[in-house]
Amino acid sequence: MADAASQVLLGSGLTILSQPLMYVKVLIQVGYEPLPPTIGRNIFGRQVYQLPGLFCYAQHIASIDGKRGLFTGLTPRLCSGVLGTVVHGKVLQYYQECEKPEDLGSANVQKEYPSSFDRVIKETTREMIARSAATLITHPFHVITLRSMVQFIGRESKYCGLCDSIVTIYREEGIVGFFAGLIPRLLGDIISLWLCNSLAYLINTYALDSGVSTMNEMKSYSQAVTGFFASMLTYPFVLVSNLMAVNNCGLAGGSPPYSPIYTSWIDCWCMLQKAGNMSRGNSLFFRKVPCGKTYYCDLRMLI
């Protein structure tokens, strides 16, 4: 119980600290660029046009809504984090309780093969089910979070309160509206998890020397590196999921010119891939100007 409470508190703290970052990231993902490009230098020292980074973008939001505005959408995101942590922990606890009788009779086998690929598959499958259950239950809060952020673009107030947002989505879209963008989000989480654990297993088994004294520390590093690598590869799923969550929901940020009306998440994926925007919003610091007209600056900022 204490461990669950500490996880919830830690997760809530990280959520609060990262809220401005996510806010900026979501607005960039939908293609909103309120500030004009500036001349900067790339890693080779050449002068290039760059779009404003995280801090300039956050300063622009604060200049309009104040510093408090940087935490728009925090309440539903906190609800999502707390509920997700609880559900994830309950699912894993259920599997552990079901396995207790088996552990008594197979303890020796597990000690002999602690890093077998079969065990990796078993643990990854359980983690996949736990994460999927948490994602499924918390996705409605995720949709509300995204829409409350995106309404900054059109200065709407459609998704202000948590209860009002729930009523609005149910009235306009029904139950389906709460799960907009769920499929690509689930696919991205599952693929990322399997990639991360499989690569970590291969590295720990075949690339690291088991005789090294810092073996456990090296394994933790490999897990972190493979997790970062997997998240980079599956970022397009995150982008598509977020775009589908706000697409055609009655907000300016989910409608042309910021976003086309997509018929499905596959249609969204194909259009982004065709335009070369599959990594839009992935970088918040060194942001080069795209070749095509795939973003829309606020023309008033150029006057």
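The values are calculated or read from the model by the stated rules, or taken from the named source; none is laboratory data. From a predicted model like this one, the values you see are computed outputs, not experimental measurements. No Cβ is skipped: glycine too gets one built from the backbone with ideal geometry, and neighbour counts run over all protein chains shown. Each accessible area value is taken on the protein alone, full model and side chains, heavy atoms only, with ligands, DNA and RNA left out. Shrake-Rupley method; radii C 1.70, N 1.55, O 1.52, S 1.80 Å.
Numbers below:
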read-out	value
Inter-centroid distance (Cα atoms) of segment 17-60 relative to segment 137-170, Å	24
C-alpha center-to-center spacing [segment 259-286, segment 178-198] in angstrom	17
Most to least packed among 61-69, 138-146, 279-287 [average Cβ atoms within 10 Å]	138-146, 279-287, 61-69
Accessible surface, per residue, of segment 120-269 when the full set of protein chains is kept, probe 1.4 Å, Å²	47
Built amide H within the under 5 Å cut-off of residue 48, gap 5+	40, 41, 42
Separation of the residue 65 and residue 17 label points, Cα + 7 Å toward Cβ, nm	2.2
Estimated FRET transfer efficiency when R0 is 51 angstrom, pair residue 90-residue 289 (beta carbons, to 0.05)	0.65
Of the chymotrypsin sites (Phe, Trp or Tyr not before Pro) in segment 9-52, those whose Cβ has at most 11 other Cβ within 10 Å and which sit in DSSP loop	44
Distance between modelled label sites at residue 263 and residue 173, nm, 7 Å Cα→Cβ extension	1.9
Computed label-point distance, nm, for sites residue 279 and residue 99 using a 7 Å Cα→Cβ extension	3.7
